[in-house]
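Everything below concerns the one structure shown next.
The values are calculated or read from the model by the stated rules, or taken from the named source; none is laboratory data. Fair warning: this is a prediction, and the values are worked out from it, not measured in the lab. Backbone-built Cβ (ideal geometry, glycine too); neighbour counts: all protein chains shown.
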């Protein structure tokens, strides 16, 4: 799942797609209604590709967690982020068994599920394995095409 250009903007509902960078900030398009907004550099903006969730062993990238949700739900919608905290925690435990329960709050789980459902509704939930298999043959062809060159012997 590619989250490279997906943004969460503090104080604004939903998710946005980065469209164009400008001198004073950038233009983003809402995934909710498709409206474009300008965002200045002072705004608190998070790229979803840079977000991680705490686990007992370290941190897991958000893309990996969303891929786990997609796998669990067969690329369908997840449970609603409006469920009670116990239900959300139990669901998240199924998706990411070793998440740090002391540092990952119910509000964090709600955000992840809300974001996943938004991306899923827009058809942006794609399995990374499918993308990797499309890219792999091209990489293999490149490697096969490069043959080592024989070194010329220099007479002394």
Suppose we filter the range 6-19 for residues that are in contact (Cβ under 8 Å) with a residue 24 or more places away in the chain and not in a strand (DSSP E or B); how many remain? 5
Members of the range 94-124 found to be in contact (Cβ under 8 Å) with a residue 12 or more places away in the chain and either assigned by TED's automatic domain parsing to the domain that holds residue 32 or outside any helix (DSSP H, G or I) (or both), listed by number: 96, 98, 99, 100, 101, 103, 104, 122, 124
Go through (1) part of a helix (DSSP H, G or I); (2) in the same structural domain as residue 21 (by TED's automatic domain parsing) and name the single condition residue 91 misses. (2)
Verdict on residue 97 being within 21 Å of residue 118 (Cα to Cα) and either surrounded by 12 or more Cβ atoms within 10 Å (Cβ to Cβ) or modelled with pLDDT under 95 (or both): no
Please enumerate the residues belonging to the range 25-36 that are surrounded by 14 or more Cβ atoms within 10 Å (Cβ to Cβ) and part of a strand (DSSP E or B). 25, 26, 27, 28, 29, 30
Out of the residues in the range 47-74 that are surrounded by 14 or more Cβ atoms within 10 Å (Cβ to Cβ) and assigned to a loop (DSSP other than H, G, I, E, B), which is farthest from the chain's Cα centre (by Cα)? 73
Tell me whether the range 78-88 contains one or more residues that are in contact with a helix residue (DSSP H, G or I) (Cβ under 7 Å, 6 or more places away or on another chain) and under 20 Å from residue 3 (Cβ atoms). yes
